[in-house]
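Just below is one structure, and these are the notes that go with it.
The values are calculated or read from the model by the stated rules, or taken from the named source; none is laboratory data. Owing to the predicted nature of the structure, the values given are computational and were not obtained by experimental measurement. Backbone-built Cβ (ideal geometry, glycine too); neighbour counts: all protein chains shown. Note: accessible area is taken over every heavy atom of the protein model, side chains too, but ligands, DNA and RNA are not part of it. Shrake-Rupley method; radii C 1.70, N 1.55, O 1.52, S 1.80 Å.
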Amino acid sequence: MTAYIIKRMLYAIPTLIGVNVLIFALFFVVNSPDDMARTILGDKNVTRAAIENWKQENGYHLPLFWNAGAAGAARVTDTIFFTKSVRLFVFDFGNADRTGTSIGDQIRLRIAPSLAIAVPTFILGLLVDITLSLIVAFYRATYLDRWALVLCVVTMSISALFYIIGGQYLFSICLRLVPISGFDTGAGMFKFVLLPVVIGAVAGIGAGVRFYRIIFLEVIGNDYIRTARAKGLSEAQVLFKHVLKNAMIPILTGVVMTIPFLFYGSLLMEAFFAIPGLGGYTLEAINGQDFAVVRAMVYLGAVLNVAGLVLTDISYTLVDPRVRLG
Amino acid sequence: MLSIVLQNMVVFLLLAAVLGLCRWLVRQPYWPSARRALSRSRAARVSFAVLCLYAGIGVLDSIVWRDPLADESGRAVLNAEGMPLYQALPLSLLDRLCTPVRTAQEKTYSAPLAVTLLGLESVQHEDGSVVREAPPLRYPGRHLLGTDKVGHDVFYSTLKGVRTALILGVFTSLIAIPCALLFGIVAGYFGGLIDDAVQYVYTTLMSIPGVLLMVAFMLLFGRGLTQLCIIMGITTWTGLCRLIRAESIKLRELEYIAAAEALGVARPVICYRHMLPNVMHIVIISAVLNFSSLVLSEAILSYIGIGVGPDTGSWGNMINNARLELARAPVVWWNLAGAFIGMIALVLPANLFGDALRDALDPRLKE
């Protein structure tokens, strides 16, 4: 088992190298440090000296791959590729272009609010989706099933923006149940987190219920389900003991598929609810055109995503004894 | 002038390509049964009609030309060489059809079909008395969905969003589908080192969360519809490529491929003649189903400020401009309603038609 986990984690390394090279190509080759300086300093009144000065201050004055002017190992280490990209592997994100503050510190500060939204949204969404889809699967091939599916397609077709705008309008402006936006630490957090979490879960119901319903229907079609019914188990017992357990593996696949969408969700939610998390940090960086921060966030997002994939692969082996370790 | 000619040509080329694809589809042996299945479903019929309506609006809004400048008496203005001068901005066919609404400019907000503005102002009456009341509109009852903050007609803005959404869906697919087909079939059919390389490329691209890659790309290359189409193409081809590769691996083992190989057909020819037609149904289905998520993503990206430019009419921009309007004292809901109706009336039929198409072309491919 340990050998499998180590092997699976080693597989992630080439992917992360690829991501790193891609980010480097995008930020330093396609778009040169000169372009970056021009964007940040503004197109007007930009002089050669100002560009050089800005590059010097932020460490973009070095050559891309090979520093012929340096001696020994510094020929490789005194380059943009080494200082800006290779350092990402050890999570050394450097400083923000605009403010000069350490990106690593900011990430450590802001990851807690992000998780406070993303994790409950994820768990609540999963629970609601699975419960509802079990109910729909219980009433399969009836009018309830048919109309539930229609409702799913309709709710899927509504932009997440409208769920947020509508939810804020209804619960914060009309009913005044929760504050419209903001964040607090400790016990005060609850009232700020409640609405984004509920909206995030509700917005995902349509796609989720459709996805899990098909999984449950496939499991229900198996012979052992017929056997379970034949030996006199109630429909509820069949659903919870036999269907749900056997659907765990496809459900895990579905869970993996939702991980990338958590980033979308967090970006939007943090924008609407003024939550000082990583999504909000990214948005600030977009508005301030801070390339260093965006580069760090892209890499961090990829790392989290890959870590999620590795964790799911490992959990496959825990859930299903048939999955061979190899 | 050249760009306008080009733009119109692209519209007709696209229409020709779509017609060509339809002709190809109709000639396939599975088409009669698929068509029967599609026409049996009322949802599919209605969705198809709505999608055609949207496509019609998009085409009308894409055929553009510039009007000659005219002076007060209506005569054309000529330059020094005696050639007529043209207006700076071209108008589309849709603009011309909507002319009474498009030019019916009010001062600020007004409710749908209202005869007065929304807010109260000091109005001087003929007898000299000054009263606080809602001043009358210049064009009362003309605005089906009211007017926005600067007095533009909301219904017209909603219509202008159609073209942006369609362009995004169509051009993103035009970028993503050829890439996915080429790499998916080649990887699946040839296997080995090529397969490993293609798999490596798409796992790497997929491991970056799509929205973050879009953020980086739009930050580097600026806002705009072209950039958005390119980056969305880059982020969406990977999923389709994985599907096509898996299908190609299955196809590779079938007898008719072995027969073609035994007869000495060149391998690229096998890919083109025997693999391609047999993965096309996957392409068609996922293109339609993907379309709706592209439209939804555009709105989100435009809302967070990295989508199309602020002067391009799009539903995301409409929502972005209207973000504080529900919190106003008299609630202004028609801007949001316009974008909402415009989007759901496109996305819902696209989803329904995509589902029906999937059931008709490949019942095995359910999710």
Response to the item:
Expressed in square angstrom to the nearest 10, the accessible area of A:Phe122 with a 1.4 Å probe stands at 60 Å²
Item to complete: Identify which of B:Ser302, B:Ser122, B:Ser47 has the largest mean-square fluctuation in a Gaussian network model of chain B, with springs joining Cα atoms closer than 10 Å.
Response: B:Ser122
Discussion item. How large are Rg and Dmax for the range B:132-210 when calculated on the C-alpha trace, in angstrom?
Written reply: 24.6, 80
Item to complete: For A:Arg210, B:Arg102, B:Arg45, write out the residues from largest to smallest accessible area, computed with a 1.4 angstrom probe and no ligands counted.
Response: B:Arg45, B:Arg102, A:Arg210
Worksheet item: In the neighborhood of A:Gln237, defined by Cβ-to-Cβ distances under 15 Å, what is the net charge if each Lys or Arg adds +1 and each Asp or Glu adds -1?
Response: +4
Worksheet item: In peptide A:147-157, how many Cβ atoms from other protein chains are near each Cβ within 10 Å, on average?
Response: 3
Fill in: Shielding by other protein chains, A:289-298, mean Cβ within 10 Å
3
Worksheet item: Is the shape of the range A:47-117 best called rounded, prolate or oblate, per the rule: a/c under 1.5 gives rounded, else a/b larger than b/c gives prolate, else oblate, with a ≥ b ≥ c the square roots of the Cα gyration tensor eigenvalues?
Response: oblate
Worksheet item: Per-residue accessible area for A:Trp66 at 1.4 Å probe radius, Å² rounded to 10?
Response: 150 Å²
Discussion item. Just to verify a number: what accessible area does B:Arg66 come out at with the full protein assembly present, 1.4 Å probe, Å² rounded to tens?
Written reply: 60 Å²
Fill in: Relative frequency of Cα-Cα separations exceeding 33 Å in chain B, percent
44 percent
Response to the item:
Shape descriptor, the protein assembly as shown: equivalent ellipsoid semi-axes (Cα gyration tensor, sqrt 5λ, whole Å, largest first) stand at 42, 35, 31
Fill in: Reachable lysines, given that their alpha-carbon falls under 18 Å from the alpha-carbon of A:Lys84 and they are not under 8 places away in the same chain
A:Lys55
Worksheet item: What is the P(r) of the range A:51-210, as percent of Cα-Cα pairs per 10 Å bin from 0?
Response: 9, 23, 20, 17, 16, 11, 4, 0
Item to complete: Report the net charge of residues surrounding B:Val64, where surrounding means a beta-carbon distance below 13 angstrom and charges are Lys +1, Arg +1, Asp -1, Glu -1.
Response: +1
Discussion item. Only sites in a loop by DSSP and with at most 13 other Cβ atoms within 10 Å count here; which chymotrypsin sites (Phe, Trp or Tyr not before Pro) in the range B:13-82 make the cut?
Written reply: B:Tyr30
Worksheet item: According to the Kirkwood expression over distinct Cα-Cα pairs, how big is the hydrodynamic radius of chain A, in Å?
Response: 23.2 Å
Worksheet item: Hey, any idea what % of the range A:109-325's accessible area is carbon plus sulfur with a 1.4 Å probe?
Response: 71 percent
Worksheet entry | Hz values of 3J(HN,Hα) by residue in the range B:61-70 - Karplus curve (6.51, -1.76, 1.60), Gly and Pro given as x | 7, 9, 8, 10, 7, 9, 7, x, 5, 10
Worksheet item: Where a Cα-Cα gap under 15 Å defines reach, which aspartates and glutamates qualify for A:Lys231, not counting those fewer than 8 residues away within the same chain?
Response: A:Asp223
Fill in: Farthest toward positive dipole pole in chain B [+1 Lys/Arg, -1 Asp/Glu at C-beta], among B:Leu60, B:Leu240, B:Thr158
B:Leu240
Worksheet entry | Largest-first principal axis extents of the Cα set of the range B:1-87 (Å) | 65, 24, 14
Item to complete: Quick one: net charge around B:Val288, please, counting Lys, Arg +1 and Asp, Glu -1 for every other residue with C-beta under 11 Å from its C-beta.
Response: 0
Response to the item:
The aspartates and glutamates whose Cα lies under 17 Å from the Cα of B:Lys149, excluding any fewer than 8 residues away in the same chain, are B:Glu106, B:Glu121, B:Asp311, B:Glu325
Fill in: the range A:25-176 - charge dipole about Cα centre, Lys and Arg +1 at Cβ, Asp and Glu -1, debye rounded to 20
200 debye
Worksheet item: What FRET efficiency, computed as 1/(1 + (r/R0)^6) with R0 = 41 Å and r the Cβ-Cβ distance, is obtained for A:Ile17 and B:Leu263, rounded to the nearest 0.05?
Response: 0.40
Fill in: Computed label-point distance, nm, for sites B:Tyr272 and A:Ala70 using a 7 Å Cα→Cβ extension
5.1 nm
Practice prompt. Quick one: among B:Asn278, B:Asn290, B:Asn79, which has the greatest mean-square fluctuation in a GNM of chain B with alpha-carbon springs under 10 angstrom?
Written response: B:Asn79
Worksheet item: Residue by residue, what Karplus-based ³J(HN,Hα) values in Hz, rounded to whole numbers, does the range B:122-134 have, using 6.51, -1.76 and 1.60 with θ = phi - 60° and x for Gly and Pro?
Response: 7, 10, 8, 7, 5, 7, x, 7, 9, 10, 7, 8, 6
Worksheet entry | Interchain or long-range residues, amide H under 5 Å from A:Asp97's placed H | A:Phe291, A:Ala292, A:Val293
Worksheet item: Quick one: with all protein chains in place, what share of the accessible area of chain B is carbon or sulfur, to the nearest percent (1.4 Å probe)?
Response: 66 percent
Worksheet item: DSSP loop trypsin sites (Lys or Arg not before Pro) in the range A:38-124 with at most 10 other Cβ atoms within 10 Å of their Cβ, which ones?
Response: A:Lys44
Worksheet item: In deg cm²/dmol and to the nearest 500, what is the mean residue ellipticity at 222 nm of chain A if only DSSP H runs of at least 4 residues count, each as -39500 (n - 2.57), divided by the residue total?
Response: -21500 deg cm²/dmol
Practice prompt. Using only atoms on other chains, find how many Cβ atoms lie within 10 Å of each Cβ of peptide B:295-307 and report the average.
Written response: 4
Practice prompt. Arrange the residues A:Ile111, A:Ile130 by how much accessible surface each exposes, largest first, with a 1.4 angstrom probe.
Written response: A:Ile111, A:Ile130
Worksheet item: Mind checking the dipole of the range B:213-305: about its Cα centre, +1 per Lys or Arg Cβ, -1 per Asp or Glu Cβ, Debye to the nearest 20?
Response: 120 debye
Worksheet item: With springs only between Cα atoms under 10 Å, which of B:Leu137, B:Leu205, B:Leu19 fluctuates most in a Gaussian network model of chain B?
Response: B:Leu19
Item to complete: Note down the Stokes-Einstein diffusion coefficient of the range A:104-189 in µm²/s, whole number, using a Kirkwood radius over alpha carbon pairs, 20 °C, and 1.002 mPa s.
Response: 133 µm²/s
Fill in: GluC sites (Glu not before Pro) restricted to DSSP loop in the range B:1-109 with at most 15 other C-beta within 10 Å
B:Glu72, B:Glu81
Worksheet entry | Cα point-scatterer Debye curve for the range A:2-90, base-10 log of I(q)/I(0) at q = 0.16 Å⁻¹ | -0.74
Worksheet item: To the nearest Å, what is the center-to-center distance of the range B:67-107 and the range B:1-33, using C-alpha atoms only?
Response: 31 Å
Worksheet item: Of B:Val59, B:Val150, which has the most accessible area with a 1.4 Å probe, and how do the rest follow in descending order?
Response: B:Val150, B:Val59
Worksheet item: Using alpha carbons only, how many degrees (0 to 90, rounded to 10) separate the axis of helix B:276-303 from the longest principal axis of chain B?
Response: 30 degrees
